[in-house]
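Some notes on the structure that comes next.
The values are calculated or read from the model by the stated rules, or taken from the named source; none is laboratory data. Owing to the predicted nature of the structure, the values given are computational and were not obtained by experimental measurement. Here the Cβ is made from the backbone with ideal geometry for all residues, glycine too, and neighbour counts use every protein chain on show.
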Amino acid sequence: MFERLRDALRAALDAATPPGNLRDLARQMREAVVEAKLSVQETRQAVSRTEGELAVERQRLADAERRGRLAGEIQDHETVEVAHRFAAKHRERVGVLERKLAALRDELALYERELGDMQAQLARAETGRSRKPSARPSEPGATCRRRAARGPGRISRTSCSSPPWTARRARPPPTGSSRTSRRR
């Protein structure tokens, strides 16, 4: 059941992808975790249903055995025979449900471990993604420091004194001949 989900997680973690695709991979991993949670929930419901079925079947077995004893006390051989057949049927059904319940519990434990692993992998992937520098600086001057680290001549003093979105290029002063000629 979890093979496809586990493969998606492994592919996401093992893939050497550019930073743009990491969001897609993290989204796929989150979707896989959601599907795994739903599968765990469905398995828990199946365990609960099977426990209910087993309780009902055990009660039916006890009733059939009690009816057989009561019929034996009054020496009603036909009812004793019928009660033994029903008791055998219910005993077999109880055995099947007990094995089914044990298998479901084992499966649930497996799914819960796999879900925990998937959640841990997702947390590691998201933590790794958040450690990479973002496009926007987290503190004032961070962009300027990154620009300055690129080398001289790439940044002016004025562009670091204000936030990067307000920095403007310095324009050369207008030449006097073109302005003065229009006014005259």
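What do you reckon, is Ala12 touching a helix residue (DSSP H, G or I) at 6+ places or on another chain (Cβ under 9 Å), at pLDDT below 90 and in a helix (DSSP H, G or I)?
In short, yes.
Give the residue, chosen from Val82, Val56, that is at pLDDT 95 or above and either more than 29 Å from the chain's Cα centre (by Cα) or more than 30 Å from Ala32 (Cα to Cα) (or both).
Val56 is the lone residue from the list that is at pLDDT 95 or above and either more than 29 Å from the chain's Cα centre (by Cα) or more than 30 Å from Ala32 (Cα to Cα) (or both).
Tell me, please, whether a residue that is touching a Gly at 6+ places or on another chain (Cβ under 9 Å) and either assigned to a helix (DSSP H, G or I) or among the small types (Gly, Ala, Ser) (or both) can be found in region 88-111.
Among the residues of region 88-111, not one is touching a Gly at 6+ places or on another chain (Cβ under 9 Å) and either assigned to a helix (DSSP H, G or I) or among the small types (Gly, Ala, Ser) (or both), which makes the answer no.
What single numbered condition from (1) at pLDDT below 95; (2) part of a helix (DSSP H, G or I); (3) loosely packed, with under 14 Cβ neighbours inside 10 Å fails to hold for Gly68?
(3)
If a residue must be within 23 Å of Gln41 (Cβ to Cβ) and surrounded by 15 or more Cβ atoms within 10 Å (Cβ to Cβ), how many such residues does region 81-104 contain?
Total meeting the criteria: 4.
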